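*Asks:* Okay, here's the structure, questions in a sec.
The values are calculated or read from the model by the stated rules, or taken from the named source; none is laboratory data. What you see is a predicted model, and the numbers here were worked out from it, not measured in a lab. Cβ sites come from the backbone with ideal geometry, for glycine too, and all protein chains shown count toward neighbours.
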C-alpha cells in the first residue's frame, strides 16, 4: 500500500504535527509513505500527475487544488484525503471581513472532490459537512515522549510570560503590547519571551527574543512560567487548533487564552488555565499566575494531564491509520500501536 503526502513545507507546523510524526507509525503498519512538497513548477507538476495512478491514496495537507487542475487530479488519483487545521474558507483576522466567495468556492470544490476529509477541530468539521459527509476530527497532537514536563521547585529570579508561534500570528502579540506594558509596570520580576522569527518590543518589560528551532523549542517552552494564546473572536480564529496551548501544556506550563474555538475544549477556566476576553481580564489572570507559583504548578500539571490523555500522537495514530486504510480499501493488519 502506497500513500503520497503533499505538504507546503517540511518545517511548517502543520506538516510536522499532522503528517511527519505519523510516518513512523505508518511504516510500522506496512504502509509505504512518501512525503513531497506541492509541485512548484511545470516540470514538478508533470511528474506529480504522471505518478498519481501509482499510489493507492494521496493525502493533501491544507492547500487546495482548483479548476482544471483539481479535475485532473481527481481523475488520476485513486483516492484523495484532504486534511486541514485552519479556517481556509475564510480570510484571516487581519482582513476587514472574513468572508470570501473565492475561498469558500475553492474549499467547496476541494471538499466535494475528496473521498475523505480530516478536520482539526469540530468547527472545521461543521464547515465541511454541507459539502462532504465523509469527515472526521483528528486534533493536532503532540509526541508524548518528546514533550517533557518542566521542573518545578527550581528558583528563578524572573517570571517568564511566553508565546511561541510563526510570523503570521505576531499581530496578536502586537495588540497585546499595552497589556505587557502594564504588567511590566506592576511586576519588576516579569519578562516576556517570544519564540518566533519576528518579534515585538516593549518599554516596561524585558523581551527575550528566541529564534524558533525544532532542536530548542522544547527547552524554550520549558523556560516559560505562563503561556499565552491571544486571538480575535472571529471565524478565522474558530478554526484554530490550539497548538500553542497544547505545547505549553505538554511541558506543564499553564495557559491564558482567548476562549475561541478549540481553546475552549482544551483549557478549562480556573482548572488548567484562564480565559481572558478584555484587557482587564488579561492583566488580572496573568497577574494571578505571576503572584502564585503554587497555582502555576497546579494548573500546569493539570494541563499536561489533559494533553497526555487526549492530544498525543500515540492516542491519535490508530484512528489516523484506520482512516487511510478504510479510504484506500486496504485490509488492516495486526495493530501494533498502543491506543492510549
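*Asks:* For region 112-133, name all the residues that are over 15 Å from residue 67 (Cβ atoms) and part of a helix (DSSP H, G or I).
*Replies:* Passing the criteria: 122, 123, 124, 125, 126, 127, 128.
*Asks:* If you don't mind, there's one more thing I want to ask. Which ones in region 210-243 are out of contact with any strand residue (DSSP E or B) (no Cβ under 6 Å at 6 or more places or on another chain), assigned to a helix (DSSP H, G or I) and touching a residue at least 24 places away in the same chain (Cβ under 8 Å)?
*Replies:* 217, 218, 221, 222, 235, 236, 237, 238, 243
*Asks:* Please indicate, with yes or no, whether at least one residue in region 155-169 is assigned by TED's automatic domain parsing to the domain that holds residue 252, loosely packed, with under 14 Cβ neighbours inside 10 Å and part of a helix (DSSP H, G or I).
*Replies:* yes
*Asks:* So which of 67, 30 is surrounded by fewer than 21 Cβ atoms within 10 Å (Cβ to Cβ), on the phi > 0 side of the Ramachandran plot and touching a residue at least 60 places away in the same chain (Cβ under 8 Å)?
*Replies:* Going through 67, 30 in turn, the sole match is 30.
*Asks:* Applying the selection to region 134-147, what residues are part of a strand (DSSP E or B) and either buried (at least 23 other Cβ atoms within 10 Å of the Cβ) or under 18 Å from the mean Cα position of the chain (by Cα) (or both)?
*Replies:* Of everything in region 134-147, those that are part of a strand (DSSP E or B) and either buried (at least 23 other Cβ atoms within 10 Å of the Cβ) or under 18 Å from the mean Cα position of the chain (by Cα) (or both) turn out to be 136, 137, 142.
*Asks:* Ok, one more. Could you check how many residues of region 197-221 are buried (at least 19 other Cβ atoms within 10 Å of the Cβ) and within 25 Å of the chain's Cα centre (by Cα)?
*Replies:* Looking only at that region, the number is 2.
*Asks:* Only one of these conditions is not met by residue 105: (1) in a helix (DSSP H, G or I); (2) surrounded by fewer than 22 Cβ atoms within 10 Å (Cβ to Cβ); (3) under 22 Å from the mean Cα position of the chain (by Cα). Which number is it?
*Replies:* Every condition holds for residue 105 apart from (3).
*Asks:* Does any residue in region 46-63 that is within 13 Å of residue 110 (Cα to Cα) come within less than 6 Å, Cβ to Cβ, of a residue that is in a helix (DSSP H, G or I) six or more places away or on a different chain, and which pairs are these?
*Replies:* Close Cβ pairs satisfying both conditions: 62/14.
*Asks:* For residue 126, state whether it is loosely packed, with under 14 Cβ neighbours inside 10 Å, over 17 Å from residue 231 (Cβ atoms) and at pLDDT 95 or above.
*Replies:* yes
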